[in-house]
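Asker: The structure is given below, and queries will be raised subsequently.
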Amino acid sequence: MQVDNATFQERMARFHEVCRGRGLRITAQRLEVFSALARCTDHPSAETLYRRVHKRVPGITLDTVYRTMEKLEEVGLVLRVSVVGNRMRFEANLDRHHHFVCRGCGVILDVYSAELDQLRLPEKLSAGYVVERSQVELRGVCPRCAEASGQVKG
Ligand SMILES: [Zn+2]
Ligand SMILES: [Zn+2]
């Protein structure tokens with residue numbers, strides 16, 4: 001599950017631009033960890049990212065991956081997605097979208113939907129509250145897991 005090359009290049013260009021702008025050093029480790037995240041669509045955990053990069057980046061530790069995610073989140077290049085099980089998941093997709101989370105295998109799919117983008121605020125929040133961001137998280141079972149458990153509809 002990989003993004004197309006144009007999207008990947010766009011994310012890498014933003015990475016370089018933001019790091020330069022924020023005076024964040026582009027170390028080989030940061031570059032590798034971010035590339036691995038920018039390339040994929042599955043919203044990996046830090047553990048998964050670590051498994052993907054550790055062969056290419058000798059000496060990298062899981063802790064480095066965590067700290068890299070924290071730093072990149074701080075400068076707005078990475079978003080924390082959701083907790084599945086007890087693992088925090090990350091993504092580099094900053095475009096407006098929503099998520100489907102499978103409770104079986106833990107896959108997180110990006111969902112683009114104009115209807116979900118335009119959800120109306122409940123009355124209760126109309127006075128005094130400023131909503132800056134909203135994202136719908138749909139939880140359920142993906143087709144593969146539904147089939148595996150003999151469950152046709154969740
Ligand atoms: Zn699943
Ligand atoms: Zn996403």
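The values are calculated or read from the model by the stated rules, or taken from the named source; none is laboratory data. Keep in mind that this is a model prediction, so the values were computed, not measured. Here the Cβ positions follow ideal geometry from the backbone for every residue, glycine too, while neighbour counts run over all protein chains shown. Calculation scope for accessible area: heavy atoms of the full protein, side chains included, ligands and nucleic acids excluded. Shrake-Rupley method; radii C 1.70, N 1.55, O 1.52, S 1.80 Å.
Asker: Explain nothing, just the number: dipole magnitude of the chain about its Cα centre with +1 on each Lys and Arg Cβ and -1 on each Asp and Glu Cβ, in debye rounded to the nearest 20.
Answerer: 440
Asker: Something else now. State the Kirkwood hydrodynamic radius of segment 113-152 in Å, one decimal place, computed from all pairs of distinct Cα atoms.
Answerer: This gives a value of 13.3 Å.
Asker: Could you tell me which trypsin sites (Lys or Arg not before Pro) in segment 15-122 are loop residues by DSSP with no more than 16 other beta carbons within 10 angstrom of their beta carbon?
Answerer: Answer in residue order: Arg25, Lys55, Arg56, Arg96, Arg103, Arg120.
Asker: Can you give me the relative contact order of segment 60-154 as a percent, contacts being Cα pairs under 8 Å and 6 or more apart?
Answerer: For segment 60-154, the relative contact order is 21 percent.
Asker: Summing +1 for each Lys or Arg and -1 for each Asp or Glu, what net charge is found among the other residues whose Cβ lies under 15 Å from the Cβ of Gln2?
Answerer: With Lys, Arg at +1 and Asp, Glu at -1, the neighbours total -2.
Asker: How high is the relative contact order of segment 96-136, in percent, counting Cα pairs under 8 Å that sit 6 or more residues apart?
Answerer: Contact order relative to length: 41 percent.
Asker: Related question: Extension gain Ala148-Arg133, at 0.36 nm per residue separation less the Cα-Cα distance, in nm?
Answerer: In short, 1.8 nm is gained.
Asker: Given R₀ = 25 Å, FRET efficiency for Val18-Ala114 by Cβ-Cβ distance, to 0.05?
Answerer: For R0 = 25 Å, the calculated efficiency reads 0.35.
Asker: A further question on this structure: Using a probe of 1.4 angstrom, how much of the accessible area of the chain is carbon and sulfur, in percent?
Answerer: 50
Asker: Enumerate by residue number the chymotrypsin sites (Phe, Trp or Tyr not before Pro) in segment 85-124 meeting two conditions: DSSP loop (anything except H, G, I, E, B), and at most 11 other Cβ atoms within 10 Å of the site's Cβ.
Answerer: Sparse-neighbourhood loop chymotrypsin sites (Phe, Trp or Tyr not before Pro): Tyr112.
Asker: Can you tell me how segment 47-154 classifies by the Cα gyration tensor, rounded, prolate or oblate, using a/c under 1.5 as the rounded cut?
Answerer: Oblate, since a/c reaches 1.5 and b/c is not below a/b.
Asker: Calculated from DSSP H runs of 4 or more alone, at -39500 (n - 2.57) each and per residue, what is the 222 nm mean residue ellipticity of the chain, nearest 500?
Answerer: That calculation yields -11500 deg cm²/dmol at 222 nm.
Asker: If you don't mind, another one. His97 versus Asp4, label points 7 Å from Cα toward the beta carbon: distance in nm?
Answerer: The answer from the label model is 1.3 nm.
Asker: Might you tell me the accessible area per residue for the chain, computed with a 1.4 Å probe and given in Å²?
Answerer: 64
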